Amino acid sequence: MLHAQRSEGRFFGRRVNCEQVPVLPAWVVAQVFDDPEETPYLLVWKDSVGTVRECVHITAHNSDVPIATNELRLWAERDVETGEVEIKRVDGTTDIIRTLLRPLPRNGGSARLLICPDCLTPRRGLYGWEPDEDGRFNTSVARSNWRCRACHKLRYASEGGALVLRSRMFGRSHCARPEPWYPDVFTLREETEQTGT
């Protein structure tokens, strides 16, 4: 079923909220670059009952591919490209993601952002699943390459009045916005200690 709207303007149809999808946050990638030993990291996403739903290894990567001119136009003049990370799933599929540092307006700090490989826009997080058009349910998802929320056509839970509860008896009330699905982060050392190998 395609996206559509009811008469009140509320969304219905195929809908996957970004809070229901594993997100690779830029602050985790920053840990990889800040690690002086360049230790590989293991990221594990578990569902509410503790079942592992996604698992990746992430390491710093250097392909020495020059930045295309069309990419530079999308970034601020002060942005600095700072390297790449390799994200490898258990099934062997790999994504290479570029990063950049964006200076913050105060106190000389900077924020690391991930560059979406599709739209080349710097983002605070990339998502590893997308809506499954062949899925059985309107919320069915399928694993995909790591891309931004807009490229995967994911929505926020708060969009379209989805968090507004309507009741004839109690009127309108609001649900709390769900938290993003962040991973548990382990270094290779911690992973080895936990598995005992």
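Here are the numbers:
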item: Residues of the stretch 134-154 classified as in a loop (DSSP other than H, G, I, E, B) and modelled with pLDDT under 80, total; result: 7
item: Of all residues in the stretch 82-92 being in contact (Cβ under 8 Å) with a residue 12 or more places away in the chain and more than 16 Å from Cys116 (Cα to Cα), the one that is most open to solvent (accessible area, probe 1.4 Å); result: Val90
item: Filter result for Ala157 (over 25 Å from Asp34 (Cα atoms), part of a loop (DSSP other than H, G, I, E, B), at pLDDT 75 or above and among the aliphatic types (A, V, I, L, M)); result: no
item: Pairs, first without any contact (Cβ under 8 Å) to a residue 24 or more places away in the chain in the stretch 114-133, second part of a strand (DSSP E or B) and open to solvent by 40 Å² or more (accessible area, probe 1.4 Å), C-beta under 9 Å, six or more apart; result: Asp132/Val141
item: Given (1) modelled with pLDDT under 55; (2) surrounded by fewer than 11 Cβ atoms within 10 Å (Cβ to Cβ), number of the condition Ser173 does not satisfy; result: (1)
item: Yes/no for Pro131 being open to solvent by less than 30 Å² (accessible area, probe 1.4 Å), modelled with pLDDT under 85 and within 22 Å of Tyr182 (Cβ to Cβ); result: yes
item: Test: residue in the stretch 119-128 that is modelled with pLDDT of 85 or more, open to solvent by less than 20 Å² (accessible area, probe 1.4 Å) and hydrophobic (A, V, I, L, M, F, W, C); result: yes
item: Number of positions in the stretch 16-48 that are of a type in the set (D, E, K, R), assigned to a loop (DSSP other than H, G, I, E, B) and touching a residue at least 24 places away in the same chain (Cβ under 8 Å); result: 1
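The values are calculated or read from the model by the stated rules, or taken from the named source; none is laboratory data. Nothing here was measured: the structure is a model prediction, and the numbers come from that model. Every residue, glycine among them, receives a Cβ derived from its backbone with ideal geometry; neighbour counts consider all protein chains shown. Protein only, heavy atoms only, side chains kept; ligands, DNA and RNA dropped before computing areas. Shrake-Rupley method; radii C 1.70, N 1.55, O 1.52, S 1.80 Å.
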